[in-house]
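Just below is one structure, and these are the notes that go with it.
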Amino acid sequence: MKALVLDKYMELNYRDFPKPTIEANEVLIQVKACGICGSDVHGMDGSTGRRQTPLVMGHEASGEIAEIGVEVKGWHIGDRVTFDSTIYKLDDWYTRKGHYNLSDNRKVLGVSPLEYKKHGAFAEFISMPAHILYKLSDNVSFEQAAMVEPVAVAAHAVNVSKIQPGKSAVVVGAGMVGVFVVKMLQIAGANPIIAMDLDDNKLELAREFGATHTFKSTDKDVSVKIMELTKNRGADFGFEVVGISETVNLCINSLRKGGTAVLVGNLKPEVTIPLQKVVTTELSLLGSCAINGEYELVLDLLASGKISVDKMISAVAPLSEGAEWFSRLYNKESGLNKVILMP
Ligand SMILES: [Zn+2]
């Protein structure tokens with residue numbers, strides 16, 4: 001089969017690659033669409049240590065079932081599917097407790113830290129256990145389905161917060177996941193929804209996706225404006241979707257006493273936080289990791305038209321042109337959001 005292979009750091013080749021074989025509990029998927037994730041773009045230079053070469057990356061994908069293992073029940077060849085970006089064991093303490101996103105030894109598709117290698121979906125075929133599959137409605141396209149993973153990351157963050165209708169929220173960072181956090185907050189009934197970013201284009205997108213107010217994070221009056229919008233208390237909830245000290249502090253400093261910050265971004269392994277503010281105003285800091293079953297919710301929202309992802313898709317291109325698109329994203333070409341590759 002053909003695949004887009006990271007042969008060396010910064011060197012992607014569209015070339016022949018061994019077609020995966022399947023185990024009894026697995027299916028073979030013929031990939032129809034796979035989105036380029038920011039983590040693939042950051043990872044291709046070796047800086048994250050999670051893309052040991054050679055590797056086929058890609059974990060935001062959709063396709064059709066091409067082969068079925070002998071033990072697999074309930075799925076048929078030709079079924080249109082998307083799948084979790086994580087392979088987790090069913091027989092795991094965390095999985096049984098309902099937290100498969102925290103399960104031991106889980107593997108992310110298209111990722112290779114030192115401990116494992118699981119080739120991903122920038123290829124004609126990919127194999128995986130059947131229990132991570134989700135069926136697509138006829139009115140959800142393969143390209144749209146390749147966007148479900150980043151939306152589900154946002155949906156998980158909003159689920160972790162347990163926010164209720166009418167509560168105020170700030171979202172710090174209006175990139176792909178941040179914009180979808182805004183959308184999920186709108187669906188959850190949050191009000192006002194205040195988005196902050198450095199980039200005017202991203203703030204405009206945030207408004208289109210449901211932000212009631214947007215501010216540049218460098219704006220000196222930003223804390224005054226947030227107080228004005230929240231009855232001089234500060235926001236009930238904050239969502240941090242960047243992961244550096246400045247933005248984590250901006251998020252925490254936007255909260256009212258007793259407020260809750262949900263930390264999603266993790267660009268840096270460590271940040272500083274205003275400890276005394278957290279302690280003396282009894283803030284809750286919650287981590288949100290990946291996805292814990294929010295695929296069905298997002299697929300239902302897509303199928304019913306309550307959420308639209310088309311605006312975030314900048315380009316759909318053949319997999320053979322993947323190297324060029326990766327380098328355009330690596331060089332941070334402005335206005336480029338999601339690029340989807342089709343094998
Ligand atoms: Zn991703």
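No lab work stands behind these numbers, since they all come straight from the coordinates. Since the structure is predicted, the reported quantities are computational estimates derived from the model, not experimental observations. Please note: Cβ atoms are built from the backbone with ideal geometry, for glycine as well, and neighbour counts cover all protein chains shown.
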For the range 108-128, which residues satisfy the criterion of being assigned to a strand (DSSP E or B) and of a type in the set (Phe, Trp, Tyr)?
-> Phe125
Kindly list, by first and then second residue, each pair from a residue in the range 29-58 that is more than 14 Å from Met10 (Cα to Cα) and in a strand (DSSP E or B) to a residue that is within 16 Å of the ligand (Cβ to nearest atom) and of a type in the set (Asp, Glu), limited to pairs with Cβ atoms under 6 Å and residues at least 6 apart or on different chains.
-> Ala33/Glu143; Gly35/Glu60
Single residue of Asp84, Asp138 found to be among the acidic types (Asp, Glu) and either more than 20 Å from Ile29 (Cβ to Cβ) or within 14 Å of the ligand (Cβ to nearest atom) (or both) | Asp84
Does Asp40 fit the bill of being of a type in the set (Asp, Glu) and under 13 Å from Ala121 (Cα atoms)?
-> yes
Pull up the range 10-45, narrow it to residues that are loosely packed, with under 15 Cβ neighbours inside 10 Å and under 23 Å from the mean Cα position of the chain (by Cα), then point me to the one that is nearest to the ligand (Cβ to nearest atom).
-> Gly38
Count of residues meeting criterion [closer than 22 Å to Cys34 by Cβ, part of a loop (DSSP other than H, G, I, E, B) and not polar (S, T, N, Q)] in the range 77-89 | 5
Output for the range 309-336, where each listed residue is touching a helix residue (DSSP H, G or I) at 6+ places or on another chain (Cβ under 8 Å) and either within 18 Å of Lys202 (Cβ to Cβ) or part of a loop (DSSP other than H, G, I, E, B) (or both) | Val309, Asp310, Lys311, Met312, Ile313, Ala315, Leu329, Ser334, Gly335, Leu336
Looking at Met1, is it more than 12 Å from Ala323 (Cβ to Cβ) and either crowded, with 23+ Cβ neighbours inside 10 Å or touching a strand residue (DSSP E or B) at 6+ places or on another chain (Cβ under 8 Å) (or both)?
-> yes
